[in-house]
Amino acid sequence: MKNVILNLAVTLDGFIEGPNGEIDWCIMDDDMDFDAFIESIDTIFYGRVSYDAWGNFQPDANASPAEKLMWQSIHFKDKFVFSRQNRTDGKATFISSDIASKVADIKKQGGKDIWLYGGASLIKTFIHLGLIDQYKISVHPVALGSGKPLFEDLKERVRLKLIGTRVFKSGVVELTYEPV
């Protein structure tokens with residue numbers, strides 16, 4: 001059965017975006033081997049806003065070959081967009097209701113794992129519904145002071161067990177947790 005993996009960057013003070021939605025503080029080290037993570041998934045879950053911004057993103061002509069290849073790999077994945085809007089675009093399946101049962105059905109399809117890409121509202125919904133099987137949080141060595149927090153409006157405590165850590169040359173620390 002597939003696992004839903006929340007894999008995202010967070011600042012040292014707990015924000016996933018700056019106050020204006022900026023993510024320019026994110027570091028991509030070669031030693032992070034993000035390509036291995038992309039290879040370990042075959043499905044991506046997006047919120048509508050994140051999908052509109054990144055679901056069909058194409059790097060500009062000056063991007064490195066590695067960045068172009070990364071985005072090409074991402075765009076070959078099955079994409080599901082969770083949105084109150086019921087729409088289609090031919091590149092993703094849109095889900096507007098009954099999230100928990102539809103996620104359960106997708107997980108039963110077998111294959112590789114699922115990347116819960118986000119955004120913040122979708123992440124919050126998945127946390128509240130207990131749909132995240134693994135939290136892979138990369139803490140970046142920067143404090144923003146304000147922005148969009150990762151854990152916001154929790155209805156109850158989220159108890160997690162640390163199952164792995166990795167430290168990268170930039171000072172980014174990846175913490176991997178499973179729900180208790």
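The values are calculated or read from the model by the stated rules, or taken from the named source; none is laboratory data. Please read these numbers as outputs of a predicted model, since none were measured by experiment. Glycine gets a Cβ as well: all are built from the backbone with ideal geometry, and neighbour counts include every protein chain shown.
Among the residues of the stretch 90-105, count how many are touching a residue at least 24 places away in the same chain (Cβ under 8 Å) and in a loop (DSSP other than H, G, I, E, B).
2
For the stretch 134-147, does any single residue satisfy the condition of being loosely packed, with under 14 Cβ neighbours inside 10 Å and charged (D, E, K, R)?
Checked against the condition, which is being loosely packed, with under 14 Cβ neighbours inside 10 Å and charged (D, E, K, R), the stretch 134-147 yields no hits at all.
Among the residues of the stretch 54-74, is there at least one that is assigned to a strand (DSSP E or B), touching a residue at least 24 places away in the same chain (Cβ under 8 Å) and under 15 Å from residue 115 (Cα atoms)?
Just the residues of the stretch 54-74 that are assigned to a strand (DSSP E or B), to begin with: none.
Within the stretch 54-74, not a single residue is assigned to a strand (DSSP E or B), touching a residue at least 24 places away in the same chain (Cβ under 8 Å) and under 15 Å from residue 115 (Cα atoms).
Within the stretch 129-180, which residues are aliphatic (A, V, I, L, M) and out of contact with any strand residue (DSSP E or B) (no Cβ under 8 Å at 6 or more places or on another chain)?
129, 154
Filter the stretch 128-163 for residues that are among the small types (Gly, Ala, Ser) and closer than 20 Å to residue 25 by Cα; which is nearest to the chain's Cα centre (by Cα)? Before the answer, list the steps.
Pass one, the stretch 128-163, residues among the small types (Gly, Ala, Ser): 130, 138, 143, 145-147.
Cutting the leftovers down to closer than 20 Å to residue 25 by Cα gives us 138, 143, 145-147.
Values: 138: 11, 143: 20, 145: 22, 146: 20, 147: 17 Å.
Restricting to residues being among the small types (Gly, Ala, Ser) and closer than 20 Å to residue 25 by Cα, the top hit is 138.
List, please: which pairs have Cβ atoms under 7 Å, are six or more places apart or on different chains, and start with a residue in the stretch 131-148 that is more than 16 Å from residue 173 (Cβ to Cβ) and end with one that is at pLDDT below 95 and acidic (Asp, Glu)?
Note: pairs meeting the criteria are 147/17; 148/17.
Could you identify the single residue in 16, 5, 23 that is surrounded by 17 or more Cβ atoms within 10 Å (Cβ to Cβ), more than 23 Å from residue 107 (Cβ to Cβ) and hydrophobic (A, V, I, L, M, F, W, C)? Step through it out loud before you land on a result.
On the way: 5 fails: more than 23 Å from residue 107 (Cβ to Cβ); 23 fails: surrounded by 17 or more Cβ atoms within 10 Å (Cβ to Cβ).
Matching residue, one of 16, 5, 23: 16.
Does residue 83 satisfy the condition of being at pLDDT below 95, surrounded by 15 or more Cβ atoms within 10 Å (Cβ to Cβ), among the hydroxyl-bearing types (Ser, Thr, Tyr) and touching a strand residue (DSSP E or B) at 6+ places or on another chain (Cβ under 7 Å)?
yes
With the structure loaded, tell me whether residue 79 is more than 13 Å from the chain's Cα centre (by Cα) and not in a loop (DSSP other than H, G, I, E, B) or whether it fails that test. Outline the logic, then answer.
On the way: more than 13 Å from the chain's Cα centre (by Cα): no; not in a loop (DSSP other than H, G, I, E, B): yes.
Against the criterion (more than 13 Å from the chain's Cα centre (by Cα) and not in a loop (DSSP other than H, G, I, E, B)), residue 79 does not qualify.
Here's the yes/no breakdown for (1) at positive phi; (2) modelled with pLDDT of 95 or more; (3) among the hydrophobic types (A, V, I, L, M, F, W, C):
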| residue | (1), (2), (3) |
| --- | --- |
| 119 | no, no, no |
| 135 | no, yes, no |
| 144 | no, yes, yes |
| 150 | no, no, yes |
